[in-house]
1. Take the alpha carbon atoms of region 95-144, find their radius of gyration, then divide it by 2.2 N^0.38 Å using N residues; give the quotient.
2. Comparing ASP68, ASP145, ASP169, which has the greatest mean-square fluctuation in the GNM of the chain with Cα pairs linked when under 10 Å apart?
3. Hey, what D do you get for region 92-186 in µm²/s if you plug the Kirkwood alpha-carbon radius into Stokes-Einstein at 25 °C and 0.890 mPa s?
4. Probe radius 1.4 Å, ligands and nucleic acids left out: which of GLU87, GLU107 has the largest accessible area, and how do the rest follow?
5. Just need the Rg to Rh number for region 29-97, please, alpha carbons only, Kirkwood Rh.
6. Roughly how many debye, to the nearest 20, is the charge dipole of region 93-186 about its Cα centre, given +1 on each Lys and Arg Cβ, -1 on each Asp and Glu Cβ, and no other charges?
7. For ARG135, what accessible area in Å² do you get when you roll a 1.4 Å probe over the heavy atoms of the protein chains, rounding to the nearest 10?
8. If you add up the charges near GLY17, with Lys and Arg at +1 and Asp and Glu at -1, over every other residue whose beta carbon is less than 13 angstrom from its beta carbon, what do you get?
Amino acid sequence: MANNAQNVSFGKPKATGGIWIAPSGTTLPVNATATLDNDFKSLGYISEDGLVNAIETDTEEVKAWGGDTVLTGQTSFAEKFTFNMLETSVEALKFYYGADNVTDSGEITISVNSTELPEVVMVAEVVLTGGRVKRIVVPHAKLFDRSGEITYVDGEAIMYPVNILALPDVSGNTSKQYIATVAASS
């Protein structure tokens with residue numbers, strides 16, 4: 001197969017939002033273009049660093065007498081997503097601190113505590129070049145690390161650092177990714 005520059009792309013968020021969260025058990029999209037269930041809430045603007053998707057694997061090597069590697073096997077696998085939320089909105093705060101820890105009665109109140117955050121469903125929507133879209137669906141997303149710093153300083157946006165671990169579904173899949181060409185709007 002020859003090289004094809006049309007397969008090279010930027011990864012921009014959709015104008016309607018880039019990352020969506022819903023409670024565990026929400027109906028999952030099964031393609032790149034279907035309308036999301038009403039339970040999905042946009043996390044709003046994400047920092048210019050975008051969405052980072054990392055796959056981490058460890059392997060174990062078996063060496064024979066004399067030093068030759070004669071066998072290798074995968075010992076671990078993890079898929080992780082990281083991003084920085086820019087909006088101090090009720091939905092972003094509920095995701096970051098836990099829905100039970102954020103109330104909005106005209107004034108937002110946040111209770112910061114050690115309560116473990118629940119598993120959610122995450123969908124990332126990316127506009128590719130060439131009229132294509134990519135949807136990443138994580139059916140079992142766990143915000144596992146909030147150890148980054150939230151900095152309040154003049155001249156810099158407040159960012160909420162997010163590190164998500166994609167847990168496997170019953171088939172062992174940590175995410176499903178769909179790419180489709182969409183019709184040009186007139």
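The values are calculated or read from the model by the stated rules, or taken from the named source; none is laboratory data. As the structure is a computational prediction, the values presented were derived from the model and not from experiment. With ideal geometry, Cβ positions are generated from the backbone for all residues, glycine too; neighbour counts draw on all protein chains shown. Surface accessibility is based on the protein's heavy atoms, side chains included, excluding ligands, DNA and RNA. Shrake-Rupley method; radii C 1.70, N 1.55, O 1.52, S 1.80 Å.
1. Normalised Rg, Cα atoms only: 1.62.
2. Among ASP68, ASP145, ASP169, the largest mean-square fluctuation in the Gaussian network model of the chain belongs to ASP68.
3. 152 µm²/s
4. GLU107, GLU87
5. Result for region 29-97 is an Rg/Rh of 1.26.
6. Computed charge dipole of region 93-186: roughly 620 debye.
7. Rounded to the nearest 10, the figure is 10 Å².
8. So the environment of GLY17 carries a net charge of +1.
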